[in-house]
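Novice: The structure follows.
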Amino acid sequence: MFAVLNHLFNDLGYFPGGGQHGYLWWLAWGAHNGRTLFSVQDANGDFRPLFLQASCATYAQLANNISGAEAVLNVTSLLTSKTLCPQQAAADARAFAQWKRSPHARAAQARITPRSLLDGSALKNLFYPKLPTN
């Protein structure tokens, strides 16, 4: 029995080198991730840490295709930043310049009153760009 256990521990402790890690390293890594995953809590109990990551094209697709996504995600400042999303920012600037030259823009700006902002009718004619999603 001790010979079998000795072989088991030798296999667990073996470090192959060459950029590969042994089983004990992965066991410690898994234990660290488990502690991190279950160590965050407040008065309501445990909660899991979450980090959402997406590309500019993904955010543009969400803003274009899902109604209300812009209100929830608030990605306009991200998509119009020339340093963070240069392709979407350039497309937005071109579309806005084209919209400002259109007769719809002057009519929409003329219809904006405090009452139209409250009832939402002014928002129907405002500029909402269709951003590139590739």
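Novice: Does the range 8-25 contain any residue that is aromatic (Phe, Trp, Tyr), closer than 30 Å to residue 92 by Cβ and in contact (Cβ under 8 Å) with a residue 12 or more places away in the chain?
Specialist: Going through the range 8-25, the residues aromatic (Phe, Trp, Tyr) turn out to be 9, 14-15, 23, 25.
If we keep only those that are closer than 30 Å to residue 92 by Cβ too, we end up with none.
Within the range 8-25 (the criterion being aromatic (Phe, Trp, Tyr), closer than 30 Å to residue 92 by Cβ and in contact (Cβ under 8 Å) with a residue 12 or more places away in the chain), the answer is no, since none of the residues qualifies.
Novice: In this structure, does residue 44 turn out to be modelled with pLDDT of 80 or more and surrounded by fewer than 10 Cβ atoms within 10 Å (Cβ to Cβ)?
Specialist: For residue 44, the condition - modelled with pLDDT of 80 or more and surrounded by fewer than 10 Cβ atoms within 10 Å (Cβ to Cβ) - is not met.
Novice: Considering the range 56-70 alone, what residues qualify as being modelled with pLDDT of 75 or more and either exposed (fewer than 11 other Cβ atoms within 10 Å of the Cβ) or touching a His at 6+ places or on another chain (Cβ under 9 Å) (or both)?
Specialist: Answer for the range 56-70, where residues must be modelled with pLDDT of 75 or more and either exposed (fewer than 11 other Cβ atoms within 10 Å of the Cβ) or touching a His at 6+ places or on another chain (Cβ under 9 Å) (or both): just 65.
Novice: Of everything in the range 73-112 that's at pLDDT 80 or above and of a type in the set (Ser, Thr, Tyr), which residue is surrounded by the fewest Cβ atoms within 10 Å (Cβ to Cβ)?
Specialist: Across the range 73-112, the extreme among qualifying residues is 83.
Novice: Further, regarding this structure: Just checking, which of 39, 55 is polar (S, T, N, Q) and within 22 Å of the chain's Cα centre (by Cα)?
Specialist: Result: 55 is the single residue among 39, 55 that is polar (S, T, N, Q) and within 22 Å of the chain's Cα centre (by Cα).
Novice: Taking the conditions exactly as written (of a type in the set (A, V, I, L, M, F, W, C) and at pLDDT below 80), does residue 50 satisfy them or not?
Specialist: Yes: the conditions hold for residue 50.
The values are calculated or read from the model by the stated rules, or taken from the named source; none is laboratory data. Keep in mind that what you see is a predicted model, and the values were worked out from it rather than measured. Neighbour counts run over all protein chains shown; Cβ positions are idealised from the backbone, glycine included.
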